[in-house]
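Input: a single structure, listed below in C-alpha cells.
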Amino acid sequence: MAGLDLTGRTAVVTGASRGIGLAIARSIAEAGGNVVLTSRTQEAAEAAAAQVNGTAVGVGAHAVDEEAARRCVDLTLERFGSLDILVNNAGTNPAFGPVIDQDHGRFAKTFDVNLWAPVLWTGLATRAWMGEHGGAVVNTASVGGMASEANIGLYNASKAALIHLTRQLALELSPKVRVNAVAPGVVRTKLAEALWKEHEEEVSASVALGRIGEPADIASAVAFLVSDAASWITGETMVIDGGQLLGEARPFRQEPVSVSSADIVGIDAGAVGRWFASLGVGFAEVMRPVAGAVPGAAQGLALRHAGAARFSREVPTDGSGCRTPRRRSPGPPSRRSSRPARVPPRRSRW
C-alpha cells in the first residue's frame, strides 16, 4: 500500500533495545524511514540499531531523564533534519501484587516511565518540530488498561491513564499532530514473561486466535498508524490482542453435543407440541429441520407428532401465543339446495 511508505521521515522510538520497541524500529525502517532507537545505556541502544536494516542510530537516553531526552531530540534534528514520528514505547512494571501493598517507590517508577515519559517526549518533539511541521505520535498502552487483573493493578492503572492521555493529547495537539495508541495483549516479550512463559500453551488456548502475540504483530499496527494510510485517525487506541478481550475462547471450541434418532423418537411430542402451541409456534415447523439433519429422525418425528398435531387442532392460537376459540368451517354447499350451508353461531370456549 502506497500510504505505508515512510521514505524521508524520521522516527524516534523509546525503549527500543528489544521486544516490541525493536520490532517497531525495524518495521519503520523497512517502510523507508530513518530511526533513532533509545535505551537506558548507549551500548544497548547501539546494539539494537545494528539489528535494524536501514538507517538507524542508537542513543542512550533513559525515558524519564529530561536532559537526555532533550539531547536525543536535538541529535535527531541535527542528523536527519526532522522528527516526524514519535513512538513512546518505554515501559516498566516493578510492582507485583495488590495495589495497596505497593510502596511509593514502585508507584513512582511505574507512573514515571509509563505516563510521565510520554508527556515529556511528546512535549519535546512537538516544540522542536511537530507543532509547526506536523507529525504522528503512538503510545504503547496495554489491554490491561481496559480491564482488571490480579497482581498487576498498578501497571494497568498507569496504562489506563495513558489511554486517556492519548485522547487528551490528540485534541490538544490537533490538527497538526495525530496521537494514537496501541494496546497489546499478551506478547512474547521479557516484560510480559510472567504472563506466559510457564504456561504458554494454556494462555494460547484461551485466546480466540490460538496463540500469544509476537512483537511483529504490534509493530505492523504502529507502522500503519504513523503512515498516511491512517491520516484521518487520531485519539484512538488500537487493540491488538488476538481476541483476548473477547473472553475465554475454550468453551467455544468444545465438540457439539450429538443427537441420535433414538433421542428424537423418545421425545414426548404431545408435551412439546402443547408448549409450542402455547407460544403460537407450529411443532412441525420447528422439528422439520432437525428431522432433516439427524439420520432416522424423520421416522421418529412421524411416530411422535400425532399427539402434538391433535393438540394443535384442538387448541388453535391467534399467532400471539394466546388460545382462541375454534371456528367451525361452514363446509361446501349442499347438493340438494343452492342455499349456502348454515354457519352455526360462534360460541366462546371461555
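Bear in mind these aren't lab numbers, they're just calculated from the coordinates by the rules spelled out. The model shown is predicted, which means the values in this text are computed figures rather than measured ones. Note that we place each Cβ from the backbone using ideal geometry, even for glycine, and neighbour counts take in every protein chain shown.
Computed over segment 79-159, relative contact order equals 45 percent, with contacts defined as Cα pairs under 8 Å that lie 6+ residues apart.
Exposure proxy ranking for Arg250, Arg178, Arg18, based on other Cβ atoms within 10 angstrom of each Cβ and starting from the fewest, stands as Arg250, Arg18, Arg178. In segment 112-208 the Cα-Cα distances spread across 5 Å bins starting at 0 as 3, 12, 20, 20, 15, 11, 9, 6, 3, 1 percent of all pairs. Thr237 sits among other residues whose Cβ lies under 15 Å from its own Cβ, and their net charge, with Lys and Arg +1 and Asp and Glu -1, is +1.
A viscosity of 1.002 mPa s and a temperature of 20 °C, combined with the Kirkwood radius over C-alpha pairs in the Stokes-Einstein formula, give segment 1-131 a diffusion coefficient of 143 µm²/s. By the count of other C-beta atoms within 10 Å, a proxy for reagent exposure, Leu162, Leu195 are ordered fewest to most as Leu195, Leu162.
For Leu6, the residues 5 or more places off, or on other chains, whose built amide H falls under 5 Å of its own are Gly32, Gly33.
With semi-axes defined as the square roots of five times the eigenvalues of the C-alpha gyration tensor, the equivalent ellipsoid of segment 2-250 measures 28, 20, 18 Å, largest first. As a length-normalised measure over Cα pairs under 8 Å and 6 or more apart, the relative contact order of segment 2-250 settles at 19 percent. Candidate cross-link partners of Lys197 among the lysines, defined by an alpha-carbon separation under 28 Å and a same-chain spacing of 8 or more, comprise Lys109, Lys159.
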